[in-house]
Amino acid sequence: MIKKLPLIFSVSAVLFVGTAIAQTPSLKDVFKKEFLIGTAMNAQQIEGKDTAADRLIKQQFNAVTPENCMKAEIIQPRWDTYNFDLADKLVAFAKKNNIKINAHNLIWHSQLPAFMHHMQSADSVRQYFVNHITKVASRYDGKVYSWDVVNEALNEDGTLRKDIFLDKLGDDYIVEAFRLAQKAAPHTKLYYNDYNIEQPKKRAGAIALIKKIQAAGVRIDGVGIQGHWKAGNVPMADIEESIKEYSALGIEVMFTELDLSVLPNPWDKVTADVSATTEGSAKMNPYTKSLPDSMQQVLAKSYADLFTLFVKYKKDISRVTFWGVDDGQSWLNGFPIRGRTNYPLLFDRNLKPKPAFFRVIATVKK
Ligand code: G3I
């Protein structure tokens, strides 16, 4: 027979846990005069099945980005057949909790619906392109705060990525995507989002893209630098130069998918290109049990340096979004090598704040 704990113990346990959460500083409150603080939300969180993450999201963030549920393969799985269920749940969650949604994304070469994979007819691609942007962006106009209208359209050298949209619609497709989005969603901010666009060559390509959209008299409100970097090797000088150069275009600058990998990278380059994967090995997955304090400190220092820079440029930066709530959610546990244990975010697998969290909080002077 299980011995019942005296009431005093169980009440104090509940109070202890509740107090612990309540005592954790709130990122959105600490940075409320600087910029929005966001997180990516996965399906389980959006459906409210992860109650602990739900509490933490409400306490810590005032912006959210759907990690997957508003991507084309999910929201239009078959031609002209739409599935808005999860996206609608996200809209309801955000409205109830006074959270801004950055919808992600309308046009991207990856996670396209299966029917697009071998589409040959330029007319069919154009019809999909117009229908998808118009139908989805108009449905959520006034319900989401912003859209990543086009995601990852550039190569590392700043040229346009050779994807189905460039191939079938030509190099004006990006301007046309923003033109269609502007028409469908007049009350929604429109962003270009990409990784490594803090790197000089790719940054030059992104700036040319943004200027082309502006020159066409089409609205673009901001640029999202994804921020998939490596702890201990964050390109700080490139990031600072990028903040200056992008904000000089008269648009918002955002860091939209921030995470800092602590694991060895199989190649010498940093990439978030989802098509790049490789086989694993023990030396590539060194922290299966826990992250040594030495690496916790490297992670904390990198985040502290980043947020010190972000606070310095708070008038140019409108949002910083982490690509996940906690280490257990991170895509980096499976990229570029499946089945690894990474520690790239501010909260650990038990949703507890890490040393990096407190270093980030400390970057805002009282
Ligand atoms: O939902 C299915 C599930 O039903 C199935 O059992 C399972 C196994 O096949 O797959 C699940 O879908 C996965 C989905 O994440 C949800 O977990 C997809 O296979 C997987 O490819 C997908 O990965 C996402 C990745 O984009 C691929 O596009 C990651 O969660 C997401 O974090 C990542 O995010 C991207 C941004 O959208 C754009 N910038 C780069 C960033 C990292 O790749």
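Okay, here's what the table says:
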item	result
Those residues of the range 308-329 which are of a type outside the set (Gly, Ala, Ser) and farther than 19 Å from residue 56 by Cβ, in sequence order	308, 309, 310, 311, 312, 313, 314, 315, 316, 317
Single condition residue 137 does not satisfy, out of (1) out of contact with any helix residue (DSSP H, G or I) (no Cβ under 9 Å at 6 or more places or on another chain); (2) over 19 Å from residue 319 (Cα atoms); (3) not polar (S, T, N, Q)	(1)
Odd one out for residue 136 among (1) open to solvent by less than 10 Å² (accessible area, probe 1.4 Å); (2) away from the ligand (no atom under 16 Å from the Cβ); (3) not small (Gly, Ala, Ser)	(2)
Residues of the range 323-337 satisfying the condition of being assigned to a loop (DSSP other than H, G, I, E, B) and open to solvent by less than 10 Å² (accessible area, probe 1.4 Å)	324, 325, 330, 337
Looking only at the range 170-186, and only at residues there that are assigned to a loop (DSSP other than H, G, I, E, B) and open to solvent by 60 Å² or more (accessible area, probe 1.4 Å), the one that is farthest from residue 127 (Cα to Cα)	186
Qualifying residue in the range 155-163 (condition: within 16 Å of the ligand (Cβ to nearest atom) and either over 20 Å from residue 245 (Cα atoms) or of a type in the set (Val, Ile, Thr) (or both))	yes
Failed item, numbered, when residue 185 is tested on (1) within 16 Å of the ligand (Cβ to nearest atom); (2) touching an Asp or Glu at 6+ places or on another chain (Cβ under 6 Å)	(1)
Residue tally, condition in a loop (DSSP other than H, G, I, E, B) and not basic (Lys, Arg), over the range 344-366	9
Per-region count, the range 208-226, residues closer than 20 Å to residue 317 by Cα and touching a strand residue (DSSP E or B) at 6+ places or on another chain (Cβ under 9 Å)	10
Subset of the range 297-316 that is open to solvent by 30 Å² or more (accessible area, probe 1.4 Å) and of a type in the set (S, T, N, Q) - its residue that is nearest to residue 28 (Cα to Cα)	308
All helices (runs of 4 or more DSSP H) inside the range 1-70 with 3 or more residues being modelled with pLDDT of 95 or more	27-30, 43-46, 51-60
Matching residues in the range 230-252 - criterion: being outside any helix (DSSP H, G or I), in contact (Cβ under 8 Å) with a residue 60 or more places away in the chain and surrounded by 15 or more Cβ atoms within 10 Å (Cβ to Cβ)	231, 234, 252
Cross-chain or 6+ apart pairs with Cβ under 9 Å, the range 169-193 first and in contact (Cβ under 8 Å) with a residue 40 or more places away in the chain and within 18 Å of residue 246 (Cβ to Cβ), then of a type in the set (D, E, K, R) and part of a loop (DSSP other than H, G, I, E, B)	178/219; 189/219; 189/221; 190/219; 190/221; 191/221; 193/152
Residue, surrounded by the fewest Cβ atoms within 10 Å (Cβ to Cβ), within the range 34-90, restricted to residues that are among the acidic types (Asp, Glu) and without any contact (Cβ under 8 Å) to a residue 40 or more places away in the chain	85
Residue match in the range 141-153 (condition: over 21 Å from the mean Cα position of the chain (by Cα) and either under 26 Å from residue 251 (Cα atoms) or in contact (Cβ under 8 Å) with a residue 12 or more places away in the chain (or both))	no
Sole residue being out of contact with any helix residue (DSSP H, G or I) (no Cβ under 6 Å at 6 or more places or on another chain), open to solvent by less than 20 Å² (accessible area, probe 1.4 Å) and aliphatic (A, V, I, L, M), chosen from 107, 99	99
Qualifying position, being at pLDDT 95 or above and touching a strand residue (DSSP E or B) at 6+ places or on another chain (Cβ under 6 Å), among 132, 104	104
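Listed here are the residues, each with its yes/no results for (1) crowded, with 19+ Cβ neighbours inside 10 Å; (2) without any contact (Cβ under 8 Å) to a residue 12 or more places away in the chain; (3) within 16 Å of the ligand (Cβ to nearest atom).
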| position | (1), (2), (3) |
| --- | --- |
| 318 | yes, no, no |
| 321 | yes, no, yes |
| 340 | yes, no, yes |
| 366 | no, yes, no |
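Residue-wise test of (1) basic (Lys, Arg); (2) assigned to a loop (DSSP other than H, G, I, E, B).
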site: 90; (1), (2): no, no
site: 120; (1), (2): no, yes
site: 135; (1), (2): yes, no
site: 168; (1), (2): yes, no
site: 192; (1), (2): no, no
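The values are calculated or read from the model by the stated rules, or taken from the named source; none is laboratory data. As the structure is a prediction and not an experimental result, all values here were calculated from the model. No Cβ is skipped: glycine too gets one built from the backbone with ideal geometry, and neighbour counts run over all protein chains shown. These accessible areas exclude ligands, DNA and RNA; they are computed on the full protein's heavy atoms, side chains included. Shrake-Rupley method; radii C 1.70, N 1.55, O 1.52, S 1.80 Å.
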